[in-house]
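Some notes on the structure that comes next.
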Amino acid sequence: MTDRRNFLKASLLGASASALAWAGKLAAKQASTSQAFSGARVVSTWDFGVAANKAAWTVLSQGGHALDAVETGVQVPESDLKNHSVGKAGYPDRDGHVTLDASIMDADGNCGAVAALEHIEHPICVARLVMDRTPHVLLVGEGALQFALAQGFKKQELLTPESDKAWHEWLKTARYQPSINSEVHDYGHGGSPGMPGGAGNHDTIGMLAIDAQGRLAGACTTSGMAWKMRGRVGDSPIIGAGLYVDGEVGAATSTGVGEEVIRNAGSFLVVELMRQGRSPQEACKEAVMRIIRRRPTQTKELQVGFLAMNKHGDVGAWAIQHGFSYAVCDAKKQDGLIPSSSVYSTSFS
Ligand code: ASP
């Protein structure tokens, strides 16, 4: 996770010159965009979105469906043992259980999700089967696990020795305060006090894709807030909160304090704002401002970021705090990482 922090720092400080230049070109292109669809593209939250996008691109570049692309892409961080906020090796709840949330949605309103799922490395694939093989949208806990096992998924231990160690470290000094840390706090990006290597205690991969035929889809997967209360579910598996897709308009996803995103139906709001004519960037900004207006005294303790793509493939993002980034991949560039705009652009203490 230290590597990840350094990578992000490098991306934001040094290496980001080229990303910024590319982001500038992207923005200029958006400004002058005709309403024509500009080709396949995939975007994801955070630095780990770069590797996830590359996997999604293997599907998109061969003319595959956006839905298959996002399902393929987010499996990369789900399996990454260095990633402690998504899938296997995710940090557990305060009782030591790794519980995963995920959702997937296509352009026609088809969707599936799982919440508080244990023992399954790829919750996104279970969410896909909830969508494809049941009349339901969301399965939770034991029922979600039963469904997964019946579909042939293998039960496994998701708590890795490293995550277990971090949990035991946390237990030594634990005061139960479920909060999302800010990337600009002095313990660094995704860091948390008392955790080995400053490892992060949250972050979600939200991925949005448009394929060569102009079909949109999205996926979102996370282990949620580290040391959370047992049974706590965040925004990621809630359609309209952590993810929303409407083929007539666009798609949005979120990361950060899930409770604030749920309260404001965040991703649905972003899509509805785009429907009313806002650009993806403007829509994300307004959704962030909506959260801030409802929490005027707590704004500096909150981090929420939105990422959106409209049906033309234009992309935008906005966050409350500095430090959120998103990865963009298309035919021109496969490894772009772009710092998101934010309400607060400098550190606070
Ligand atoms: N949104 C996630 C949750 O609340 C965490 C995150 O993305 O940082 O579970």
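The values are calculated or read from the model by the stated rules, or taken from the named source; none is laboratory data. Since the structure is predicted, the reported quantities are computational estimates derived from the model, not experimental observations. Quick reminder, even Gly has a Cβ in these numbers, built from the backbone with ideal geometry, and neighbours come from all protein chains shown. Heavy atoms of the whole protein, side chains included, go into the accessibility calculation; ligands, DNA and RNA do not. Shrake-Rupley method; radii C 1.70, N 1.55, O 1.52, S 1.80 Å.
Structural remarks
- Hits in the stretch 88-115 - residues which are closer than 18 Å to Asp246 by Cα and in a loop (DSSP other than H, G, I, E, B): Ala107, Asp108, Gly109, Asn110
- Any hit, the stretch 265-285, residues being of a type in the set (Asp, Glu), over 17 Å from the mean Cα position of the chain (by Cα) and at negative phi: yes
- Test result for Pro123, closer than 20 Å to Ala209 by Cβ and within 16 Å of the ligand (Cβ to nearest atom): yes
- Sole residue being within 14 Å of the ligand (Cβ to nearest atom), small (Gly, Ala, Ser) and over 24 Å from Tyr91 (Cβ atoms), chosen from Ala283, Ala241, Ala252: Ala252
- Close pairs (8 angstrom Cβ cut-off, 6 or more residues apart or separate chains): farther than 18 Å from Ala219 by Cα in the stretch 264-280, surrounded by fewer than 18 Cβ atoms within 10 Å (Cβ to Cβ) and at pLDDT below 95 anywhere: Asn264/Arg294
- Taking the stretch 286-347 as the region of interest, the strands (runs of 3 or more DSSP E) fully inside it that hold 1 or more residues being free of Cβ contacts under 8 Å to residues at least 40 places away in the same chain, open to solvent by 10 Å² or more (accessible area, probe 1.4 Å) and in contact with a Ser or Thr (Cβ under 7 Å, 6 or more places away or on another chain) are 315-319.
- Boolean, Ala144 is crowded, with 22+ Cβ neighbours inside 10 Å, within 25 Å of Val257 (Cα to Cα) and touching a residue at least 40 places away in the same chain (Cβ under 8 Å): no
- The set of residues from the stretch 250-271 being part of a helix (DSSP H, G or I) and open to solvent by less than 20 Å² (accessible area, probe 1.4 Å) comprises Gly258, Glu260, Val261, Gly266, Ser267, Val270, Val271.
- Residues of the stretch 73-108 classified as open to solvent by 40 Å² or more (accessible area, probe 1.4 Å) and touching a residue at least 60 places away in the same chain (Cβ under 8 Å), total: 7
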